[in-house]
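K.L.:
Would you mind keeping the following structure in view while I ask a few things?
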Amino acid sequence: MKIYVPRDAAARALGADAVAQAFAALGHEVIRNGSRGMVWLEPLVEIAQGGVRRAYGAVTPADVAGILAGTVESLGVVEDIPFFARQTRLTFARCGVIDPLDLSDYAAHGGLSGLRRALDLGPEGVVDEVKQSGLRGRGGAGFPTGIKWETVARAAGPQKYIVCNADEGDSGTFADRMIMEGDPFSVIEGMVIAGIAVGATKGFVYIRSEYPDAIDVMTSAVKIARKNNLLGCVLHSSHEFDIEVRVGAGAYVCGEETSLLNSLEGKRGVVRAKPPLPALEGFMGRPTVVNNVISLATIPVIFEKGAAHYAGFGLGRSKGTMPIQIAGNVARGGLFETGFGMPLGELVNDIAGGAATGRPVKAVQVGGPLGAYFAPEKFDTPFAYEEFDGQGGLIGHAGVVVFDDSADMRAMARFAMEFCAVESCGKCTPCRIGAVRGVETIDRIAAGDAGAIPLLVDLCETMKHGSLCALGGFTPYPVMSVLTQFPEEFAGHREAAE
Amino acid sequence: MTNPAPVAAPARLAEIEAIIAAHLWREGPLLPILHDVQAAFGFIPSDAHAPIAAALNISRAELHGVLSFYHDFRDAPAGKHVLKICRAEACQAMGGAAMSQAVLDTLGLDWNQTTRDGRVTVEPVYCLGLCACAPAAMVDGKLKGRATAQTILAELSA
């Protein structure tokens, strides 16, 4: 019998440590796995016996003796729980299954076979395979990963770098955190393969300081990888690669790649104008691949199973799977990995069970604080890059935040501007000044000045087209989506005032 | 993870020098140095500015620019307990705004303030990655999911 109690930050925030201690106090060894992503059931304990793993959740220390005695009812086999059974787990295949810091467990579940194949393919073959897979940047921009790698591979430079962007600041997203805490070697393996592809020997993982657990696990995983020749002299081949874990300092804008590079260099996290592209002049002015955690963590499975297998999932130009994070006011919140194309409403109502409060869903925000709000009228939109773009939104890092009918949508639009004002790096005027004016203008509208609405629309246009990066450029998305879908909420106070 | 005890100036300088030396091999060592200095003293003491600037060959104005850019770095010690409450959208969807207001009202504070007895500092944080078990908070580095004003205040008085 093996006992699994997650070490994932969400599980710990819901009391997993006390549960693990309760098992230990009764003399049982506990494996601290990652999370299966069914956060509403955390702490989700698994008992492995007779070739199956049975789930119990949400477990409190008081349940532990009963679980061991067999008097507490199980949720059944983990993989049979409908939320889990309906997923296509490629990137997250190992997350929650293995001991995150056991490299042999990682290898026993398909780990390192992708890297071995990449070593055989050689740099050009690796770039081709990534291009064939159709993988696009999972951080939000959706740029083809293979093209980015090819640009860096062709660039000349004395030293090239792989930078893993783990500055996952979008509200409603936690996929990066989960994979770093639950399957850190997949991120490392992805970075090593990227290094082989472009000729880089040094990598950085830039993790936000708000993720202490992820920092701990990644730091330990890097040490273990070095000791076992996953890093250093890569699997005893002619390729060298090493990784340094760096910690952010509480700045949302550092999730933007050029601002992240400045931060890594020890500067203010101010956005750089592009061009030059980081692929040509990135960290320290040298050719640099900057990829999101999920993009890199998906690389190993692409090489393990083949580009065609990966590209076989998805919809149109959105190939493969996306770990969608369902959060906020939702009955079954968590991480749901599926091929692109599932309608938004199916995710929200069918998979996640609607609002936790049992009230009607009023809106969902997709893609973090810079993503548009979607009213239920748009719930037939398939979850994919172009399809969301066509609806005036973006999938971003695939966070879906659910709000019930008590949500004050004008307050949410105001918050979008307020957040932009707090987090603006200050480099460009539309973002730095526009966000402050945006808050003021929404307050004017709230006070009954309907004439300020065209002003707000104009301001949003200016920010959208005039800002240097996505912070100022996309803040208009949530604001405009509220204005167009919930116009009555903007007019409400005026009528009350009259 | 409450704040470290105050350290006298000469011992402090030696420790700062040691921290700088430990990171100088890195490419872009400033943030790792600042994180370690803050971990050692609970804030970035002003007497750390000159040695850091000198070691990295940057001006003190550049250093000030970095220190003031990032929310994490403090120029004075925080309260004995540091409470961070998430203000982001997913937590708002679960009543985070009312919960944080109740905490602030009980403590008699606004955001980024410290109680007069120096016991508690309350800071906003924009996402702890606990969005599926919102609202979320962090008390002295310890994460809390489905936080309520009562559980947070209880944790602070523990």
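Since every read-out is calculated from the coordinates, none of them should be taken as a lab result. This structure is a prediction, so every number in the text was calculated from the model and none was measured. Every residue, glycine as well, gets a Cβ built from its backbone with ideal geometry; the counts of neighbours run over all protein chains shown.
K.L.:
Only Cα pairs under 8 Å and at least 6 apart count here; give the relative contact order of chain A as a rounded whole percent.
P.N.:
14 percent
K.L.:
Hey, quick one: spin label on residue A:25, modelled 7 Å out along Cα-Cβ, who in the range A:37-67 has an amide N within reach, i.e. under 18 Å?
P.N.:
So the set is A:43, A:45, A:59-67.
K.L.:
Beta carbons within 10 angstrom, averaged per residue: use that to sort the peptides A:268-277, B:138-147, highest first. Working shown, then result.
P.N.:
On the way: A:268-277: 17.6, B:138-147: 19.5.
Going by the mean number of other Cβ atoms within 10 Å, highest first, we get B:138-147, A:268-277.
K.L.:
Let me check against my output: what whole-number percent is the relative contact order of the range A:103-311, with C-alpha pairs under 8 Å and at least 6 apart? Provide the component values of the computation, followed by the final result.
P.N.:
On the way: 401 pairs, mean separation 67.2, N = 209.
Reported relative contact order: 32 percent.
K.L.:
Pull up the DSSP beta bridges for the protein assembly as shown and report the antiparallel fraction as a percent, rounded to 5. Please list the in-between numbers first.
P.N.:
Working: 38 of 67 bridges.
Antiparallel bridges make up about 55 percent of those DSSP assigns within the protein assembly as shown.
K.L.:
Oh, and also: Ratio of alpha-carbon Rg to the 2.2 N^0.38 Å globular estimate for the range B:81-157, to two decimals, please. Before the final figure, lay out each step's value.
P.N.:
Numbers: Rg = 11.1 Å, N = 77, 2.2 N^0.38 = 11.5 Å.
So the range B:81-157 has a normalised radius of gyration of 0.97.
K.L.:
Given 25 °C and 0.890 mPa s, compute D for chain A with the Stokes-Einstein relation, Rh being the Kirkwood radius over Cα pairs; round to the nearest whole µm²/s.
P.N.:
On the way: Rh = 23.4 Å.
Value of D from the Cα-based Kirkwood radius: 105 µm²/s.
K.L.:
So if I restrict to the alpha-carbon atoms in the range B:9-69, what is the Rg, and what is Dmax, the biggest pairwise distance, in Å?
P.N.:
10.4, 29
K.L.:
Hey, if you drop one equal point scatterer on each alpha-carbon of the range A:248-376 and run the Debye formula without solvent, what base-10 log of I(q)/I(0) do you get at q = 0.11, 0.18, 0.19 Å⁻¹?
P.N.:
For the requested q values the scattering log ratios are -0.59, -1.08, -1.10.
K.L.:
Here's another thing I want to ask about it. Counting only helical runs of four or more DSSP H residues, what would the 222 nm mean residue ellipticity of chain A come to if each run contributes -39,500 (n - 2.57) and the total is spread over all its residues?
P.N.:
Calculated mean residue ellipticity at 222 nm is -12500 deg cm²/dmol.
K.L.:
Given a Förster distance of 30 angstrom, what is the FRET efficiency for residue B:158 paired with residue A:65, based on the Cβ-Cβ distance and rounded to 0.05? Show your work: numbers first, answer last.
P.N.:
On the way: r = 26 Å, r/R0 = 0.85.
Efficiency for this residue pair is about 0.70.
K.L.:
Helix-derived [θ] at 222 nm for chain B: sum -39500 (n - 2.57) over DSSP H runs of at least 4, divide by residue count, nearest 500? Before the final figure, lay out each step's value.
P.N.:
Details: 7 runs with 70 residues, N = 158.
That calculation yields -13000 deg cm²/dmol at 222 nm.
K.L.:
Then there's this: Given Cα positions, please report Rg to Rh for the range B:27-158, the hydrodynamic radius being the Kirkwood one.
P.N.:
Here Rg/Rh amounts to 1.04.
K.L.:
In nanometres, what is the gap between the two model label sites at residue A:359 and residue A:124, each 7 Å from Cα along Cα-to-Cβ?
P.N.:
Inter-label distance under the simple model: 6.2 nm.
K.L.:
While we're looking at this one, here's another question. Return the sequence-ordered ³J(HN,Hα) values of the range A:80-87 in whole Hz as given by the Karplus equation 6.51 cos²θ - 1.76 cosθ + 1.60 applied to θ = phi - 60°, using x for Gly and Pro.
P.N.:
8, 5, x, 4, 7, 4, 7, 8
K.L.:
I'd like the mean, over residues of B:117-130, of how many other protein chain beta carbons sit within 10 Å of each residue's own Cβ. If you can, show how the numbers build up before the last one.
P.N.:
Numbers: counts 0, 0, 0, 0, 0, 0, 1, 1, 3, 11, 15, 10, 23, 10.
Mean inter-chain Cβ contacts per residue within 10 Å come to 5.
K.L.:
Here's a follow-up. Starting from the Cα of residue A:104, step 7 Å along the direction of its Cβ; do the same at residue A:406; then give the gap between the two resulting points in nm.
P.N.:
About 5.2 nm, to one decimal.
K.L.:
Now for a different question. Say the dipole of the protein assembly as shown comes from +1 at the beta carbon of Lys and Arg and -1 at that of Asp and Glu; which of B:64, B:20, B:48 then lies farthest toward its positive end?
P.N.:
Going by the Cα projections, it comes out as B:20.
K.L.:
Continuing with this model, one more query. Count, for each residue of B:60-67, the Cβ atoms from other chains sitting within 10 Å of its Cβ, then give me the mean as a whole number.
P.N.:
Values: counts 0, 0, 3, 1, 0, 3, 7, 2.
Mean number of neighbouring Cβ atoms from other chains: 2.
K.L.:
With the crude spin-label approximation of a point 7 Å out along Cα→Cβ, what separation in nm comes out for residue B:68 versus residue B:54?
P.N.:
2.4 nm
K.L.:
So what is the relative contact order for the range A:1-110, in percent, with contacts set as C-alpha pairs under 8 Å and at least six apart? Numbers along the way, then the final one.
P.N.:
On the way: 172 pairs, mean separation 28.9, N = 110.
Across the range A:1-110, relative contact order equals 26 percent.
K.L.:
Calculated FRET efficiency, residue B:140 and residue B:98, Cβ-Cβ r, R0 22 Å, to nearest 0.05?
P.N.:
Numbers: r = 23 Å, r/R0 = 1.06.
Approximately 0.40, to the nearest 0.05.
K.L.:
Now a separate question. Extension gain residue A:48-residue A:457, at 0.36 nm per residue separation less the Cα-Cα distance, in nm? Write out the running numbers ahead of the final one.
P.N.:
Details: separation 409, 0.36 × 409 = 147.24 nm, distance 5.68 nm.
Working it through step by step, the gained length comes to 141.6 nm.
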